[in-house]
Structures are given as structure tokens and as C-alpha cells.
1. In debye, nearest 20, what is the charge dipole magnitude of region 55-157 about its Cα centre with +1 on Lys and Arg Cβ and -1 on Asp and Glu Cβ, if you could check?
2. Using the Cα centre of the chain as origin and beta-carbon charges of +1 (Lys, Arg) and -1 (Asp, Glu), tell me which of VAL180, ALA273, GLN11 is placed farthest towards the positive end of the dipole.
3. Compute the acute angle (0 to 90°) between the alpha-carbon long axis of helix 289-300 and the principal axis of greatest extent of the alpha-carbon atoms of the chain; round to the nearest 10°.
4. Angle, helix 25-34 long axis vs. longest principal axis of the chain, Cα atoms, 0 to 90°, nearest 10?
5. Multiplying the sequence separation of ASP200 and ALA79 by 0.36 nm and subtracting their Cα-Cα distance, what value in nm do you get?
6. Sort the following peptides by mean Cβ neighbour count (other Cβ atoms within 10 Å, averaged over residues), highest first: 143-155, 339-351.
7. Mind giving me the FRET efficiency for ILE262 and ILE178? R0 is 25 Å, r the Cβ-Cβ distance, nearest 0.05 is fine.
8. Output the peptides 207-220, 260-273 sorted from most to least packed, where packing is the average of other Cβ atoms within 10 Å over each peptide's residues.
Amino acid sequence: MAIFTYKATNQQNKVVQGNIGSTDKNSAVSALAKQGLKPITVQLETGNKPKGGFGPFKPKVKSSDLVIFTRQLSTMVSAGVPLVRALNTLQRQTENKAMEAVLDGVVRDVEAGASLGDAFAKYPDVFSDIYINMVRAGEAAGILDDILKRLATQVEKNATIRKKIKSAMTYPIVLLVITVIAFFGLMLFVIPRIGSIIKDLSGGKADLPLVTKVMLAMSDFMVQRWYIVVAVLVITIFLLRRYLKTPVGKYTFHALILKAPILKNLVTKIAVARFARTFASLIGAGVSVLEALRVTGRAIGNEVYEKELARAADAVKNGQELSKAIEGSPLFPAIVSQMLAVGEETGQTDTVLVKVADFYEEEVDALIDSLSSIIEPVMIVIMGSMVGLIAASVMGPISNLTKNISN
């Protein structure tokens with residue numbers, strides 16, 4: 001749900017203004033009309049923007065800052081500190097300028113009478129759908145402190161998985177970048193000089209191997225037509241990124257990832273772990289099953305899983321149990337449906353799914369460690385093979401020509 005700022009006239013023709021929560025602008029206009037208001041302007045409220053910086057240097061709220069804020073707010077609410085005072089205290093003590101700006105807006109909205117969940121909803125870049133829905137459920141049930149503890153654990157677990165994946169991929173990415181730089185360096189600066197040496201030694205009449213001819217031709221093209229190479233690379237990257245931002249592109253990319261030999265197992269385990277923990281947190285907070293499935297589908301970060309959970313939600317809406325709806329799905333291991341069935345029978349779905357999440361998060365940790373030990377030597381072999389192929393393709397002919405000259 002988004003928050004819209006409106007200016008309208010009431011039945012006494014007086015201008016009033018305020019905020020209203022709605023799914024889109026048309027719905028907000030309809031809701032105002034039902035209240036007897038005639039809208040003058042209705043604009044999406046984007047919240048306070050952190051000041052200073054731009055692009056990658058713009059201040060951002062890190063996941064660690066969000067975890068600390070959530071845990072501290074939970075502690076203060078549990079101790080009976082009034083919500084506004086707790087938010088003011090956390091705003092003053094935070095060292096993150098972006099978080100300070102966000103909390104300033106949250107405090108002002110709460111003081112104006114908005115609920116904490118609605119105040120958070122103005123900052124979707126900081127507070128996710130899961131976060132907002134769980135806070136709203138906690139406020140409705142009067143268990144905000146308990147919900148905030150669950151949220152802190154949720155955010156911390158997600159941050160831990162992301163950090164481990166980034167750590168595991170850092171070394172391979174560095175090697176890949178070095179390999180690409182080395183390739184272009186050799187093709188642009190080294191191969192042309194070696195080609196000149198070969199021509200000088202042979203007088204331009206040497207019968208070179210096919211690999212050498214291909215390398216020299218590629219090098220000559222890149223040196224003479226470098227602007228075409230740059231243009232093709234830039235256009236390709238631009239079009240690819242644009243395509244991946246479309247719904248079809250996202251779905252295709254995510255489907256390909258789930259079919260990749262090495263990545264398939266890792267992505268599946270991460271998705272199942274996120275599903276189990278997120279769905280358990282939402283159900284434990286009192287969110288309805290259908291709403292929990294919708295939010296969880298978006299939180300997993302994979303369009304294929306989101307579509308599968310949407311299908312499961314339709315089945316649940318028609319009266320089928322969730323365990324039956326996902327049973328037999330290739331995206332969910334059999335243990336997930338079986339554990340869900342146990343949770344549905346005992347009325348402890350959230351508790352059971354937390355155990356499933358713990359299990360798969362441990363599996364993700366072990367798999368990341370094993371993949372790291374495999375990817376690093378593979379990347380080194382690829383890099384060495386590329387450099388070795390280029391060296392052999394040009395050094396071999398030079399060696400042969402040198403022998404012929406000496407004879």
C-alpha cells in the first residue's frame with residue numbers, strides 16, 4: 001500500500017489536506033470521494049530523501065542499521081517507553097544520516113496520528129513489504145514488541161545470507177575482471193607487436209597455423225576498429241539490462257538460473273529458506289495466509305517462485321491446504337510440503353517452518369563454502385588457459401621461424 005498526499009475541498013468548500021493510504025492514485029481519489037471530499041491534487045508521498053551525495057555516494061540505510069534499529073525499538077517498546085519518545089531517541093543516536101532523515105519523517109507522521117506501519121510505508125527503499133505488513137499486524141494485535149524481535153531476526157538472517165554470497169563471489173569476480181583486462185591488453189598491445197615480429201622474420205610469406213591467423217586477425221580488427229568493439233559492448237550491455245528489467249526478461253533470467261548446473265541447487269535452497277522464514281514470520285504475526293503468500297512471493301526475489309506461490313494462493317483460495325498446493329512442485333523439495341502438513345495438523349505452521357528455514361540456511365552455508373572451493377580453481381584454470389592459448393598461438397610460429405632462419 002502506498003501513501004498519497006492530497007489537497008481537497010470538503011462539503012463546506014473549505015480546503016483540507018492530509019495523507020491517505022491506497023494501492024494506486026485512482027483508488028485514493030475514490031476513497032476521498034466516499035469521504036465527501038473533492039480532490040484538488042493527489043500525489044504519491046515519497047517520504048524524506050536523505051540529503052547529501054548522489055549516485056553511489058548517496059547515503060543509504062544498511063541492513064545492519066535496520067537490524068540495530070529494530071532490536072532497539074523492540075527493547076524500548078517492551079520496556080513501556082512511548083512509541084514517539086522511543087523513535088526520537090533512536091533518531092538522535094543513529095550515526096547514519098539516511099536513517100536519521102527517515103526516522104525524522106516517521107516521527108512526524110506518528111505524531112500526526114499515523115500508525116507506525118503507515119509511516120514506514122512511505123519509505124519502501126528502507127522498509128520492505130514484509131516489514132510493513134508485520135508491523136501493521138503487530139499493531140493490530142497489540143504485540144508490536146514481539147513482532148519487532150521477529151523482524152530483527154528476519155532482517156539479520158537475510159543480511160547474513162547476502163553477505164556470504166557476496167563474500168563467496170568476490171574472488172571469482174575479481175579473477176574474471178583480471179582475465180578480461182588481460183585478454184584486451186594482450187589483443188591490443190602485445191599481439192600487434194608479436195605480429196610485426198612474425199612478419200619481419202618471415203617477410204610476410206610464412207604459412208601460419210589457423211589459430212595464429214585468427215588471433216592476429218582479431219587483434220588487427222580490435223586495434224583498427226576499436227570503436228566498433230566498444231559500441232557493440234555498450235549497446236549489448238544496455239539492451240541486456242533493459243530487457244532484464246522487463247517482466248518477461250526477469251522471468252526468463254530467473255528461469256535460466258534455476259536450470260544452471262551449478263547455480264540451480266544454491267538458488268533453490270536460498271529461495272526455500274527465504275520462503276520458510278518469511279512465511280513463518282508473517283503467519284506468526286497474524287497475517288492471513290493469502291496475504292502472506294503474496295508478500296512472501298515478492299520477498300523471495302525470483303519471478304518463477306513468485307508465480308508458483310501465486311498459483312498456490314489461488315489453490316488455497318479455492319479451499320485447498322497449502323501443503324497440498326505445493327506438493328509435487330519442482331520448486332519445493334518434498335520435505336517442505338510434508339513439514340507444512342505437520343504444521344497445519346498441529347496448528348504450529350510458523351514454528352515448523354522456522355525449523356525448515358534453519359535447516360536450509362545451514363545447507364546454504366555448506367553449499368557456499370563448497371562452491372567457493374570449486375569456483376576459485378576453475379577460474380584460475382580458465383584464466384591460465386586463455387593466456388596460454390594466446391601465448392602458444394603466437395610464440396609457436398616465432399620459434400619455428402627462428403629455427404628456420406638459424407638453419
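1. The dipole of region 55-157 has a size of about 240 debye.
2. Most positive-ward Cα: VAL180.
3. That works out to roughly 30 degrees.
4. Approximately 10 degrees, to the nearest ten.
5. Answer, rounded to one decimal: 35.1 nm.
6. Ranked from most to least packed, the peptides come out as 143-155, 339-351.
7. 0.75
8. 260-273, 207-220
Every number here is computed from the coordinates shown, using simple stated rules; none is lab data. Quick caveat: nothing in here was measured; it's all calculated off a predicted structure. Reconstructed Cβ throughout: ideal geometry from the backbone, glycine too, with neighbour counts over all protein chains shown.
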